[in-house]
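Inspection log for the structure reproduced underneath, given as structure tokens.
The values are calculated or read from the model by the stated rules, or taken from the named source; none is laboratory data. Model, not experiment: these values are computed from the prediction. Every residue, glycine as well, gets a Cβ built from its backbone with ideal geometry; the counts of neighbours run over all protein chains shown.
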Amino acid sequence: MNTLTESTTLPRESESLWGKALYKFRRDRTGMISLGVVTFFFVIALGVWMGLWGQHWSTIEGPMWAKPGAEHWLGTNIIGQDIFQRAIFSTKTAFEVGMVVAILSTILGGILGALSGYFANSWVDEVILWLMGVLDSIPFYLFVAAIAFALQGYPYSMHIAMIATFWTTTARLVRGEVIKLKNFEFVEAARAIGLPRNQIIFRHIMPNTYHILLVQATIVFVSAIKSEVILSFLGLGVVDGVSWGLMIAESTQEVQAGHYSNFLTASLFLFVLVMAFNMFSDSLQDALDPKKVSA
């Protein structure tokens, strides 16, 4: 009787692997809470993109180091700019960097990893593995500094450096999965009917690596945000605009003078978003684990 009740309450969407993953994720309280927090931050960023708030981040609206109040909720910085407005606008900066780097590096890593895995032990595989080894051997922040210097203040030099380095981990994971998948029966059948290699790779094999790509995109998103904060703090990151890293950098003088609002605000925004996205990524990885989903 209990078995019958459980089977009737199980949603129909759970019949597929993706449906089972979605069903499992919805039952993960930590994952749903973290998704809610991430969504809240995304709404803040979306409002900035639409011009609803955070547009006066650079305006000098008050006196130096004004205390939090009705006019300035979190006070002002050393030159009288509203800290709350700057923190809100920095949320948009974080999502712009995270999304651009995560999407492009995941696509690049997925394509090169699939090619490397399908043509394993060939010259294609050797070239891609050599490229990954070279990029991994260069210290990340030194590489970013070199690109920033070479591009002479180009606003997207940081993005280029991140994309050029973050794709390697994704490519290695996809390569291992493709090496396993290319010996499966559905791939052998595709070869038997004479399908071209590019169609086999991108239409038959790569869709079976989407769970890896999705999880990796969330991990890279967090890594990109943290890297942007560090690079902006060092003066190698955001050029036109403001970010939490720049807010922390400018707060170094303020902390020495006994004013902590700028530092605490930027640190708190960064901590909450990164922590929530990390928990979301962990829950998503558990939900998409093929061994657990098929169980």
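Miscellaneous remarks
- One residue alone among Ile201, Ile225, Ile205 is in contact with a Lys or Arg (Cβ under 8 Å, 6 or more places away or on another chain), touching a residue at least 60 places away in the same chain (Cβ under 8 Å) and buried (at least 17 other Cβ atoms within 10 Å of the Cβ), and that residue is Ile205.
- Candidates are the residues of segment 132-149 that are part of a helix (DSSP H, G or I) and out of contact with any helix residue (DSSP H, G or I) (no Cβ under 8 Å at 6 or more places or on another chain); the one that is surrounded by the fewest Cβ atoms within 10 Å (Cβ to Cβ) is Ser137.
The rows are residues; the columns are (1) under 21 Å from Thr93 (Cβ atoms); (2) touching a helix residue (DSSP H, G or I) at 6+ places or on another chain (Cβ under 8 Å).
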site: Asn121; (1), (2): no, no
site: Asp125; (1), (2): no, yes
site: Trp130; (1), (2): no, no
site: Tyr156; (1), (2): yes, no
site: Thr170; (1), (2): no, yes
site: Leu173; (1), (2): no, yes
site: Ile179; (1), (2): no, yes
site: Arg197; (1), (2): no, yes
site: Ile200; (1), (2): no, yes
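- Checking each residue in segment 21-30 for being in a helix (DSSP H, G or I) and at pLDDT below 90 picks out Ala21, Leu22, Tyr23, Lys24, Phe25, Arg26.
- Of the helices (runs of 4 or more DSSP H) lying entirely inside segment 201-295, those containing at least 1 residues that are among the aromatic types (Phe, Trp, Tyr) are 210-233, 244-256, 261-288.
- Hits in segment 257-289 (condition: crowded, with 18+ Cβ neighbours inside 10 Å and out of contact with any helix residue (DSSP H, G or I) (no Cβ under 7 Å at 6 or more places or on another chain)): His259
- Residue that is surrounded by the fewest Cβ atoms within 10 Å (Cβ to Cβ), among those in segment 69-99 that are part of a helix (DSSP H, G or I) and free of Cβ contacts under 8 Å to residues at least 60 places away in the same chain: Glu96
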